[in-house]
Ligand code: ADP
């Protein structure tokens with residue numbers, strides 16, 4: 001309706017112009033003042049209603065608004081039609097006065113097509129009031145001119161009305177389309193908001209679950225390591241090793257789920273650094289070989305001579321992909337052979353292919369297995385174990401490296417997984433990874449451990465005491481700051497989530513005090529169950545020097561200590 005009202009307002013200057021033109025160029029107003037001024041007054045009323053509609057129309061309700069619209073149109077169209085009729089009656093077809101009014105009336109009637117497109121009944125009223133009186137007069141007068149005029153006007157009338165109906169329909173359709181479009185957009189927005197909320201909830205849930213699972217797992221794995229490090233009867237040792245092995249498997253599953261959530265969120269950034277490619281492949285071979293021997297199949301391992309010793313890329317992720325493919329190959333094969341082929345392709349690319357002679361994958365499942373949580377055969381996979389995430393992660397990582405992971409397989413014959421990625425040769429020395437940097441830490445370190453979980457405390461104290469370090473244990477960040485004020489320490493080992501004050505806040509406070517009081521910087525290592533995306537960066541940005549996600553191996557703890565407290569003269573990374 002607002003649209004119709006604003007279109008009506010434009011009529012105001014059209015009608016005002018007719019009245020002015022009539023006074024200026026014709027004798028109408030002088031010859032027939034009562035008709036002229038009567039019509040002019042009527043039209044002025046109509047124009048006033050149009051202006052009123054423009055300003056107050058939005059506040060008027062349905063029936064009243066409808067009446068005002070009809071009045072606005074009636075009060076202008078009826079006198080216009082009457083002037084047109086009178087010009088014909090008083091002056092005849094040949095006179096200028098009639099010509100002027102005909103131009104304006106016919107023009108006005110045609111132009112109103114657009115103005116009244118939103119409301120068909122207003123158009124009918126308007127066109128009828130303008131043209132029908134003169135048409136009737138033409139008919140009544142008869143003769144060639146009268147009849148021709150009447151027929152012409154009738155044709156025009158029919159034409160305008162059919163066009164009006166068509167325009168009105170198009171207008172309504174447009175409105176409808178726009179409304180549907182808007183509704184669809186609103187729906188999409190709602191769905192998007194819901195999906196985003198679900199995603200936030202999922203991430204939060206994952207972070208919490210990860211933290212809650214990691215803490216007790218750290219206890220299990222840590223205590224198993226502590227017990228294994230001591231004297232044990234052979235049978236007990238085997239049992240504890242079984243506990244340790246099972247918890248390692250559990251940790252792998254948990255890490256796979258977390259890794260997938262990172263890859264899925266598109267938050268994995270690949271490194272481009274030199275790494276020892278051939279050595280990495282050899283280490284893989286040594287990992288797979290015992291499994292092959294155990295299950296009684298051959299290991300076909302071919303690495304082209306053209307494959308460089310060192311390459312530039314993300315060695316850790318490449319190893320992860322190959323380990324996953326080889327792990328599957330071993331898992332789903334009972335006889336025959338499992339193999340890896342590495343061949344040089346044109347340019348910097350290497351093609352890596354993992355083959356097996358195992359159970360194979362049905363053709364209709366070959367794409368499905370790259371989806372998260374998908375397994376070709378639920379019963380078979382249950383027998384073999386697995387989360388169904390490995391291939392989804394590997395395929396995404398390969399894509400990030402610019403390649404594509406493909407499979408060709410035949411049931412009962414075996415499978416072949418293959419991908420080609422750019423791995424340019426590097427002449428630089430490889431950057432040592434944290435695993436390689438397992439340098440010795442200085443002996444007899446004075447360490448401050450802030451940890452509220454009793455089991456985690458025992459694990460850390462036992463592992464550290466075994467290396468001859470002195471550990472002071474406190475239960476939260478506030479106590480840690482107090483202890484740091486009291487004594488000198490070589491390093492701080494901090495849990496993050498603790499009552500009263502967390503580890504990160506405590507480290508921040510200590511860094512601020514060191515700065516203020518110009519004191520020696522005490523290195524800090526975070527030992528935390530927060531292992532989600534961005535946690536490491538958050539801690540390192542907060543002034544921490546090392547980060548270990550629970551559960552960790554004893555060696556990782558010693559390596560982290562070596563990094564921040566190396567013996568004199570030993571280079572650290
Ligand atoms: P998981 O092995 O943990 O179940 P993956 O994503 O690595 O998860 O593999 C998904 C599924 O693809 C497996 O469960 C299995 O059905 C199928 N699959 C993968 N590799 C092989 C293979 N080499 N031979 C037969 N089936 C395989």
Qualifying residue in region 122-142 (condition: crowded, with 18+ Cβ neighbours inside 10 Å, modelled with pLDDT of 90 or more and farther than 23 Å from residue 75 by Cα): yes
Residue satisfying condition, being surrounded by fewer than 21 Cβ atoms within 10 Å (Cβ to Cβ) and touching a residue at least 60 places away in the same chain (Cβ under 8 Å), within set 551, 443, 523: 443
Options 509, 537; residue that is free of Cβ contacts under 8 Å to residues at least 24 places away in the same chain and over 27 Å from residue 225 (Cα atoms): 537
Single residue of region 375-401 satisfying the filter (assigned to a loop (DSSP other than H, G, I, E, B) and near the ligand (Cβ under 10 Å from one of its atoms)) that is modelled with the lowest pLDDT: 385
Residue in region 403-413 that is away from the ligand (no atom under 15 Å from the Cβ) and either under 32 Å from the mean Cα position of the chain (by Cα) or buried (at least 16 other Cβ atoms within 10 Å of the Cβ) (or both) present: yes
Tally, over region 346-364, of residues that are crowded, with 16+ Cβ neighbours inside 10 Å, more than 7 Å from the ligand (Cβ to nearest atom) and either part of a loop (DSSP other than H, G, I, E, B) or within 31 Å of the chain's Cα centre (by Cα) (or both): 1
Residue 188 vs. criteria in a helix (DSSP H, G or I) and over 30 Å from residue 240 (Cβ atoms): yes
Residue 269 being modelled with pLDDT under 90, away from the ligand (no atom under 16 Å from the Cβ) and either at negative phi or outside any helix (DSSP H, G or I) (or both): yes
From the options 137, 125, 130, residue that is in contact (Cβ under 8 Å) with a residue 24 or more places away in the chain, farther than 21 Å from residue 70 by Cα and touching a helix residue (DSSP H, G or I) at 6+ places or on another chain (Cβ under 6 Å): 137
Out of 60, 24, sole residue that is modelled with pLDDT of 90 or more and surrounded by fewer than 18 Cβ atoms within 10 Å (Cβ to Cβ): 24
Region 527-557 - residue that is assigned to a helix (DSSP H, G or I) and touching a helix residue (DSSP H, G or I) at 6+ places or on another chain (Cβ under 8 Å) and, of those, farthest from residue 505 (Cα to Cα): 554
Strands (runs of 3 or more DSSP E) completely within region 272-332 that count 1 or more residues being within 30 Å of residue 413 (Cα to Cα) and touching a residue at least 24 places away in the same chain (Cβ under 8 Å): 298-303
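The values are calculated or read from the model by the stated rules, or taken from the named source; none is laboratory data. These numbers come from a predicted model, not from an experiment. Note: ideal-geometry Cβ built from the backbone for every residue, glycine included; neighbour counts use all protein chains shown.
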